[in-house]
Amino acid sequence: MFAGALGERAGAGPSATRALAVAPRNTLDLVRLADIVQASTRVPLLQVAKTAVAAVASWFLALAVFPEQVPVFASVAALLVVQPSVNQSFGKAIERSLGVLVGVLVALGAALLFGEQSWLVLVAIVLSLFVAWALRLTPGSSVQIPISAMLVLSIGAATPEYAAARVVETIIGALVGLLVNVLIVPPLALAPARLAVLRLGRRIAEELERLAAVLTEPDDRAELDAALESARALRELRQAASDAIRSGRESLTLNPRRTRYRDQLERDVALLDRMEPLVTQVIGMARAVRDHWDASLSEVPASAGIAEELRRAAHDLRLLVEAGTETDDAGPEEPPALTRPLVIAAPPPGHWIVIGALMEDLRRVREEIRGEGRS
């Protein structure tokens with residue numbers, strides 16, 4: 001009440017106070033809107049330049065073939081075909097050409113059946129959607145069919161000659177867009193794949209060292225829960241690395257530079273294959289420690305031995321991850337730390353469950369890092 005009275009005395013009034021209360025919510029709404037309309041990263045400037053070159057080149061080329069028509073179909077096709085990878089460009093070229101072909105046929109058929117009617121465009125749009133559904137076309141082609149039918153009926157004449165010219169014009173634009181993307185620095189997505197794999201490996205090594213610290217330094221339940229949540233976060237990094245590898249493979253498909261860079265991607269794929277099981281093992285160890293922890297575990301000699309092996313595993317994992325980024329003159333290779341497996345004669349009383357679980361997971365971690373048991 002005192003705050004409200006003070007606001008009224010200052011001339012703000014209750015309405016101004018409510019406006020101040022609503023302001024943070026409006027700010028949050030603007031932030032959410034910005035997240036919807038803005039991408040997290042910019043499209044490479046080279047890609048923008050290539051798209052502009054393709055649009056302009058397709059315009060003038062189609063204009064030379066069909067001087068009596070504005071080459072809208074050619075430029076639109078070029079804009080859509082220039083994609084982040086050559087493989088995607090090829091797919092868009094097929095989708096665009098097929099969609100325009102079916103769309104102009106639908107427009108031509110609707111005009112022959114119903115004549116020149118004001119509502120013919122709506123009929124063509126609805127009919128195009130059902131034709132795309134019946135043919136089980138991709139979303140790109142399904143959207144292109146009604147757009148092409150609408151453009152033919154609204155800005156052109158629904159005649160066989162005009163329809164054929166628009167199909168040829170679209171093919172010209174698609175071919176120009178594809179050629180521009182192939183000939184001008186064909187895009188590769190190998191750097192993001194390498195970075196995602198390295199990030200995953202480094203985080204796994206950090207989690208191994210964190211588990212070693214938890215085993216040897218008594219701590220509270222909150223720290224154990226935090227260690228488990230941190231380990232579970234590795235799943236997102238693993239998925240991100242897998243997605244980046246998939247994008248890298250796609251960028252090499254139909255790419256004229258694929259021979260030069262294929263080996264680099266295959267090394268990253270092999271490294272990810274070895275690290276994916278490590279995520280499961282680290283989460284399992286973090287869960288075992290959290291579920292079976294008590295203060296006396298840090299005093300068990302076996303815990304100190306397992307902690308030391310975890311640190312050695314983190315060391316060797318970093319060596320494995322960084323090996324692909326070093327040059328030939330990087331200096332002498334650092335020796336691995338996992339020289340021999342840890343052996344515990346008998347599980348300590350009261351802790352045999354957690355020690356046994358950690359030993360089994362540690363064995364699997366060792367095998368993956370050293371590449372043992374792999375063909």
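A short reminder: the numbers here are calculations on the coordinates, not readings from a lab. All of these numbers come straight from a predicted model, not from anything done at the bench. Don't worry about glycine lacking a Cβ; one is built from the backbone with ideal geometry, like all the others, and counts go over all protein chains shown.
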Q: Sort GLU368, GLU207 so that the residue with the fewest other Cβ atoms within 10 Å of its own Cβ comes first and the one with the most comes last.
A: GLU368, GLU207
Q.
At a 10 Å Cβ-Cβ cut-off, how would you order PHE90, PHE114, fewest neighbours first?
A. PHE114, PHE90
Q. What whole number of Å gives the distance from the Cα centroid of region 268-283 to the Cα centroid of region 103-153?
A. 50 Å
Q) With each label point set 7 Å from Cα along the Cα-Cβ vector, what nm distance links ARG260 and ASP225? A) 5.4 nm
Q) Rg and Dmax of region 67-183 over Cα atoms: what are they, in angstrom? A) 14.0, 46
(Q) Out of the GluC sites (Glu not before Pro) in region 63-134, which ones are loop residues according to DSSP with at most 16 other C-beta atoms within 10 Å? (A) GLU68, GLU116
Q: Work out, step by step, the length gained on full extension between ALA49 and LEU129: first 0.36 nm times the residue separation, then minus their alpha carbon distance; give nm to one decimal.
A: 25.4 nm
Q | Extension gain, TRP119 back to VAL70 (0.36 nm per residue minus Cα-Cα distance, nm) | A | 15.2 nm
